[in-house]
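First the structure, in the form of structure tokens, and then the observations on it.
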Amino acid sequence: MIDAVFIFGLLNVMFEFILLSMLPPLTRLRLLGNQSMCVSLHFACLALNLAIHWGTLIGTMSGIFSFICSMATVSLAKLMFGSITGTRYKRGIFGYSLKEIK
């Protein structure tokens, strides 16, 4: 039973990271640099997973675990892509040139 929770958490991490990587670079960097948007992303992920899996103990555990994994996913995305806070660009592992951001 607990392995299903971990597998669902891993699938959620991959799905959320792919969705973040599909955003245009400027939008992605601004989202990752804005703390309130990151918190909104975490709670949207939690609400969606709880709505899908409501009614069973394993489903609720999966929803809560995916919320925890969402925090790790956003931290990983900040490390990989970087972020824009105000007018400051913090470069990640995949750095963007100014042409790519605009």
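Quick notes on this structure:
- Point-charge dipole on Cβ atoms (K/R +1, D/E -1) for the chain, about Cα centre, debye to 20: 640 debye
- Degrees, to the nearest 10: 35-53 long Cα axis against longest axis of the chain: 30 degrees
- Peptides 24-30, 13-19 ordered by average Cβ neighbours within 10 Å, highest first: 24-30, 13-19
- Each residue, F43 and M1, gets one label point 7 Å from its Cα in the Cβ direction; the gap between the two is 3.1 nm.
- What the phi angles of region 10-25 give under the Karplus curve with 6.51, -1.76 and 1.60, with θ = phi - 60°, is a coupling list of 5, 5, 5, 4, 5, 5, 5, 5, 5, 4, 5, 6, 7, 5, x, x Hz, glycine and proline written as x.
- Were the residues from L79 through L98 laid out at 0.36 nm apart, the gain over their Cα-Cα distance would be 5.0 nm.
- A Gaussian network model of the chain, with springs between Cα atoms under 10 Å, assigns the largest mean-square fluctuation among N12, N49, N34 to N34.
- Region 36-55 and region 57-82 have Cα centres separated by 10 Å.
- The angle between the Cα long axis of helix 57-81 and the longest principal axis of the Cα atoms of the chain comes to about 10 degrees, rounded to the nearest 10.
- M1 accessible area, assembled protein chains, probe 1.4 Å, Å²: 150 Å²
- Largest-first ordering by accessible area, 1.4 Å probe, given options S40, S62: S40, S62
- Between the listed residues S97, L32, S21, the Cα displaced farthest toward the positive end of the dipole of the chain, a dipole computed from Cβ unit charges relative to the Cα centre, is found at S97.
The values are calculated or read from the model by the stated rules, or taken from the named source; none is laboratory data. Worth saying up front: this structure is predicted, and the values here are computed from it rather than measured. As a convention, Cβ positions derive from the backbone with ideal geometry for all residues, glycine included, and neighbour counts pool all protein chains shown. Accessible surface areas use protein heavy atoms only, side chains included; no ligands, DNA or RNA. Shrake-Rupley method; radii C 1.70, N 1.55, O 1.52, S 1.80 Å.
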